[in-house]
1. Assuming Tyr75 fulfils every condition listed in (1) open to solvent by 10 Å² or more (accessible area, probe 1.4 Å); (2) under 19 Å from Asn137 (Cα atoms); (3) not β-branched (Val, Ile, Thr) apart from one, which condition is it?
2. Can you tell me which residue among Thr55, Thr20, Thr27, Thr82 is at pLDDT 75 or above and over 17 Å from Phe141 (Cα atoms)?
3. Select from segment 49-72 the residues that are open to solvent by 10 Å² or more (accessible area, probe 1.4 Å) and closer than 22 Å to Tyr149 by Cα and list them in ascending order.
4. Restricting the search to segment 184-218, which residues are in a loop (DSSP other than H, G, I, E, B), free of Cβ contacts under 8 Å to residues at least 12 places away in the same chain and either within 19 Å of Glu164 (Cα to Cα) or aliphatic (A, V, I, L, M) (or both)?
5. Just to check your reading of the model, which residue among Ile142, Ile101, Ile113 is in contact with a helix residue (DSSP H, G or I) (Cβ under 6 Å, 6 or more places away or on another chain) and touching a residue at least 12 places away in the same chain (Cβ under 8 Å)?
6. Given the residues Arg87, Arg64, which is the only one that is part of a loop (DSSP other than H, G, I, E, B), touching a Pro at 6+ places or on another chain (Cβ under 7 Å) and over 23 Å from Ser123 (Cα atoms)?
7. In the set Leu125, Leu130, Leu96, Leu105, which member is open to solvent by less than 60 Å² (accessible area, probe 1.4 Å), modelled with pLDDT of 95 or more and over 30 Å from Asn209 (Cα atoms)?
8. I need the full set of residues from segment 133-183 which are open to solvent by 90 Å² or more (accessible area, probe 1.4 Å), closer than 25 Å to Glu25 by Cα and assigned to a loop (DSSP other than H, G, I, E, B), in order please.
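The values are calculated or read from the model by the stated rules, or taken from the named source; none is laboratory data. The structure presented is a predicted model; accordingly, all values stated were derived computationally and were not measured. FYI the Cβ positions are ideal-geometry reconstructions off the backbone, even for glycines, and counts take in every protein chain you see. Surface accessibility is based on the protein's heavy atoms, side chains included, excluding ligands, DNA and RNA. Shrake-Rupley method; radii C 1.70, N 1.55, O 1.52, S 1.80 Å.
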Amino acid sequence: INLLDDIPFSDSYKHFFHKTATYIEYTQSDFSSLNYTMENNFRIIIAGAKGSGKTTFIGDYINRAPFTDICYLHYSGSIENTLSQIRFSDTTYAPLSYKEIYTRLKKKNGSSILIIDDMNLSSNLLSKELKKIDSLNLRIFIITCNTLYKNPKYTSFDVPTFTEDKLIDYYQRISKISNVSQEFKTWLLSWTSKSPLLISLLAYASKKNLDVVKQLLF
């Protein structure tokens, strides 16, 4: 739904997410529960089904977060490979080894956030991978589809669910269809089980051939 550029740590200024597509925007009140959770927890698991809005929510949060040092990474097979993607502002032309990166990360504290997305692993493997970053003192967000993972060091956080109005607006903005009947809206929400991922797929299909989508829904 949203494609987000990988953002490296910066030692001197805050990087913002660049969103190539933004259709659902959260309000400040949507982030109040996450801010409350963060007050006493440095380890947070954000879990949910594919396409449920986890990355979208965090992307919007980062633009408003009161932190100066944020790093967003896609999981790439192992913690070592994932952290090796990090580029620091003073080493742009000289990539650091995993060991050197880890040493730098150990110097960071609660004013820094490390976000690792797409850690869609089995519970056992997820646990083993996260042990590799246990000694870090910065805040860690893990985004995963594994809703069964339980760990006393990590607090589970559920992203706000989208309202029906937001989902319909989302569909209309992608499909560029300004007017749809109430019957169409009802069937759209029912057929997709209100999943943003399925709604986006139908919206892109509607741009190609609305009649086919109508036949599918009705």
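1. Here Tyr75 meets the rest and fails (2).
2. Details: Thr55 fails: over 17 Å from Phe141 (Cα atoms); Thr20 fails: at pLDDT 75 or above; Thr82 fails: over 17 Å from Phe141 (Cα atoms).
On inspection, the qualifying residue turns out to be Thr27.
3. Ala49, Lys50, Gly51, Ser52, Lys54, Thr55, Thr56
4. Within segment 184-218, the first condition is being in a loop (DSSP other than H, G, I, E, B), and the residues that meet it are 193-195, 209, 218.
Remaining after also requiring free of Cβ contacts under 8 Å to residues at least 12 places away in the same chain: 193, 209.
Within segment 184-218, Ser193 is the sole residue that qualifies.
5. Working: Ile142 fails: in contact with a helix residue (DSSP H, G or I) (Cβ under 6 Å, 6 or more places away or on another chain); Ile113 fails: in contact with a helix residue (DSSP H, G or I) (Cβ under 6 Å, 6 or more places away or on another chain).
From the options Ile142, Ile101, Ile113, the qualifying one is Ile101.
6. Numbers: Arg64 fails: touching a Pro at 6+ places or on another chain (Cβ under 7 Å).
Exactly one of Arg87, Arg64 is part of a loop (DSSP other than H, G, I, E, B), touching a Pro at 6+ places or on another chain (Cβ under 7 Å) and over 23 Å from Ser123 (Cα atoms), namely Arg87.
7. On the way: Leu125 fails: open to solvent by less than 60 Å² (accessible area, probe 1.4 Å); Leu96 fails: modelled with pLDDT of 95 or more; Leu105 fails: modelled with pLDDT of 95 or more.
From the options Leu125, Leu130, Leu96, Leu105, the qualifying one is Leu130.
8. Matches in segment 133-183: Asp158, Thr161, Lys176, Ser178, Asn179.
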